[in-house]
1. Using only DSSP helix segments of four residues or longer, with each worth -39500 (n - 2.57), what per-residue ellipticity at 222 nm results for the chain after dividing by its residue count and rounding to 500?
2. How large is the charge dipole for segment 179-407, taken about the Cα centre, if only the Cβ atoms of Lys, Arg (+1) and Asp, Glu (-1) carry charge, to the nearest 20 debye?
3. Compute the Rg/Rh shape ratio of the chain: radius of gyration over Kirkwood radius, all on alpha-carbon atoms.
4. Where the only charges are on Cβ atoms (+1 Lys, Arg; -1 Asp, Glu), what is the dipole of the chain about its Cα centre, to the nearest 20 debye?
5. Going highest first, how would you order 190-200, 169-179 by mean Cβ packing within 10 Å?
6. Quick query: amide H of residue 10 versus all other amide H atoms, modeled in the peptide plane; which residues come in under 5 Å with a sequence gap of 5 or more or a different chain?
7. Return the long-range amide H neighbours of residue 56 (sequence gap of 5 or more, or a different chain), with a cut-off of under 5 Å between placed amide H atoms.
8. Taking amide H positions as placed 1.01 Å from N in the peptide plane, with prolines and chain starts having none, which residues 5 or more places from residue 179, or on another chain, fall under 5 Å of its amide H?
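Bear in mind these aren't lab numbers, they're just calculated from the coordinates by the rules spelled out. Computed from a predicted model, the values in this text were never measured in an experiment. Counting neighbours? That spans all protein chains shown, and the Cβs are built from the backbone with ideal geometry, glycine included.
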Amino acid sequence: MTLPLSFSIYTLGCKLNQLESEALAGAFAAAGFRVLSRPEGAHGQDADITAVNTCTVTGKAEQKARRVIRKLLRDCPSSCVLVTGCYAELDRKELERLALESGALSKTGERRLFIIPGSRKKILQTLPAFLASARPENRQELPSLIQSWMDTHEGNREMRDGDDPDWPNPQGSFFRSRAFIKIQDGCDKHCSFCRVRLARGRSVSLEAEEALARLRDLEARGFGEAVLTGVNIGLYRAAAGKTELNMAGLLKLLLEGTAGIALRLSSLEPDEMTEDLFEILRSARIRSHFHISVQSGSAAVLRRMGRNYGPETVEAAAARLRELKDDPFLACDIITGFPGEGERDFEETFDLCRRIGFAWIHAFPYSPRPGTAAASMKPLVSEREAGKRVASLMELARQGRAAYVQRWLGRSVEAVCESGEDSCLFHAVSENYLRLLCRSAPGEERPLPGRAFTCRINTPENSGEADAVGEISRTCP
Ligand code: SF4
């Protein structure tokens, strides 16, 4: 390949999608492509190939994907676009129609938009090497090359649903500086509103020894923490010798098998927070930050959602975490406006969140998803009403976050450097999930991205970019 052709990727959705995008970018970089940090290349130059890693959690996420795809096809007329992810897994036909409508053909009439279902992301990682070996002289050769790659792989469409799960292990960090390990994918539950399980299939888990090897590698490379992520990590199950490890068992293995690297959990389901899990969460190396997938505080709504717990389970879990940890950062997901959610139901949700005093609430309006049981449920709640309920929860969230920051002013915490700008001012995330703006004294060594350090939380910061200003007290070895 004479010219280094360029690649970029738009990532929508969850941490899992972000990790899989990192891995794909890594595969293109390894094949000699220049990876652009921003999809629309800096200085007006667009990438030769842009991937869109889609999400299907809400109608809005899909709408955004369509908007991005149309814009790429319009603004980058000679680039190729790869569409993958959960939306591409479930609505391939819809995206094919979009391709036709948007004239996704090159000047020579060749196709330049390619749809690769999310379950075939693993295979997509073979495309860069295939292209590099074809040694294209310029981007005009890409459409036919990608088409021949698609033709080669299109045959065995049957391969999905856990037969060959994808366990990407990105070595570089093109878009994020914190380290993530994908330990689980898919889900065996049947929440009535959820499309994720339809897109990602049944629950599968990374082998425990492989998870340990990846964590050891990150520790050896100097990372201060790793985020364990998946679709539903509470469903983690993997054989270890004659026994089977669950999430608590995996955490124990990872902590005993490494020296000091910390672990952060992506999110937890209330009914999967068992006593053995609570016990292991006591460890000082497990970050004091828990995102609980609550969804509603009304027992009636939770039943209609097909969730296996009641509001009392959530309250008990929060109280238990506060016993185990020193004022942990508790956050949650809440869906408002679920079919049948009356005023009283929402009051129960609001009261539960107010009683628990979450430091953050990720609230979003219910979005009917095709193929889910809830999509045909009645009575519907108006978008306006659902939006009002989101707004009142977000106001509660802002108050909770401000109160939480206040409680931590003047205290020292461990943090991980997030941004790589070579200046004495940088972003970091604390062990208890506060976004910090840190300053290193002139001439003082500042931590590298992904590295841990200790800092004192000085003053609140209301720029929206950070929660507080931190002052470095020690860079961890
Ligand atoms: S637990 Fe429910 S909401 Fe979460 S991925 Fe599984 S089915 Fe979907």
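1. The helix contribution divided over the chain gives -11000 deg cm²/dmol.
2. The dipole magnitude comes to about 500 debye.
3. Numbers: Rg = 23.0 Å, Rh = 23.8 Å.
That ratio is 0.97, to two decimals.
4. Details: 65 positive and 64 negative charges, 148 e Å.
Charge dipole of the chain: 720 debye, to the nearest 20.
5. Taking the mean over residues of other Cβ atoms within 10 Å, the ranking is 190-200, 169-179.
6. Residues meeting the criterion, in which the H sits 1.01 Å from N, are 51, 52, 53.
7. 86, 87
8. Residues meeting the amide H criterion: 225, 227.
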